[in-house]
């Protein structure tokens, strides 16, 4: 049986679990400062890695993790190797900074074409920083392959991929030919934790670093995001009121009355 080739597009983002106090809005520079917040693999992309590992265990697969950005932390992305990915390619170039979703998908597509053969491309359903949720499907459109979003489960059956695609009131079963691009949701499950030995081996494994000149990049397609206006949250005056009552039932009724009166104002 042919070994399945999976490419995972994984983004490095500031840790979403960082305390709110570590994030600062600079309205003059039109930037959100996350200085001191450690970088991590985007949580939804970690779900994508876990989905790929399930396929590797069940059907056999070669997994390549592809990450694009500026000043990417190799230590962060090597965790993908520690859990079972086979290859890691970093697209690390200052020209890749602050690209919009379309430009990001374009650069990723040039790298995927350079990689060559693949059966499946996984991305997270959205990024943990901007939450656009667009790059994956744009990438599929550029490559001209089947694209399925919001997957909660993926498995391979011969030359077909079967996806449990989430919908508003459940999920639907989608069967498609390969190659295909699938955006993975958190319902797949959290990324497994690597053993210490695997972490140590991952730090010795060679990785590839590609710059813009290594790809057939059209500079005219590197569209940057431009922040037009950025305002910090307004300091709203908050008032606390204790709802009284002689019993839980009376307190609940009084709370309902208070909420109704508040909405009427």
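The values are calculated or read from the model by the stated rules, or taken from the named source; none is laboratory data. These numbers were taken from a predicted model, which means no experiment stands behind them. Reconstructed Cβ throughout: ideal geometry from the backbone, glycine too, with neighbour counts over all protein chains shown.
Given the options 82, 127, name the one that is surrounded by 21 or more Cβ atoms within 10 Å (Cβ to Cβ) and either over 13 Å from residue 8 (Cα atoms) or modelled with pLDDT of 95 or more (or both).
Only one candidate qualifies: 127.
Each row is one residue, and each column tells you yes or no for (1) modelled with pLDDT of 95 or more; (2) in contact with a strand residue (DSSP E or B) (Cβ under 8 Å, 6 or more places away or on another chain); (3) under 14 Å from residue 118 (Cβ atoms); (4) in a loop (DSSP other than H, G, I, E, B).
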residue	(1), (2), (3), (4)
148	yes, yes, no, no
156	yes, yes, yes, no
161	yes, yes, yes, no
194	no, no, no, yes
197	no, no, no, no
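Which condition does residue 99 not pass, out of (1) modelled with pLDDT of 95 or more; (2) crowded, with 19+ Cβ neighbours inside 10 Å; (3) in contact with a strand residue (DSSP E or B) (Cβ under 8 Å, 6 or more places away or on another chain), if it passes all the others?
So residue 99 meets the others, but not (1).
Does residue 188 qualify as being in the same structural domain as residue 120 (by TED's automatic domain parsing), on the phi < 0 side of the Ramachandran plot and within 21 Å of the chain's Cα centre (by Cα)?
Answer is yes for this residue.
Given the structure, is residue 85 under 17 Å from the mean Cα position of the chain (by Cα) and at negative phi?
Yes, satisfied.
Can you tell me which residue is surrounded by the fewest Cβ atoms within 10 Å (Cβ to Cβ) among those in the stretch 111-124 that are touching a strand residue (DSSP E or B) at 6+ places or on another chain (Cβ under 9 Å) and assigned to a helix (DSSP H, G or I)?
Among residues in the stretch 111-124 that are touching a strand residue (DSSP E or B) at 6+ places or on another chain (Cβ under 9 Å) and assigned to a helix (DSSP H, G or I), the one surrounded by the fewest Cβ atoms within 10 Å (Cβ to Cβ) is 114.
Being in contact with a helix residue (DSSP H, G or I) (Cβ under 9 Å, 6 or more places away or on another chain) and either over 20 Å from residue 41 (Cβ atoms) or buried (at least 18 other Cβ atoms within 10 Å of the Cβ) (or both) narrows it down to one residue among 77, 108; which is it?
Only one candidate passes the filter, namely 108.
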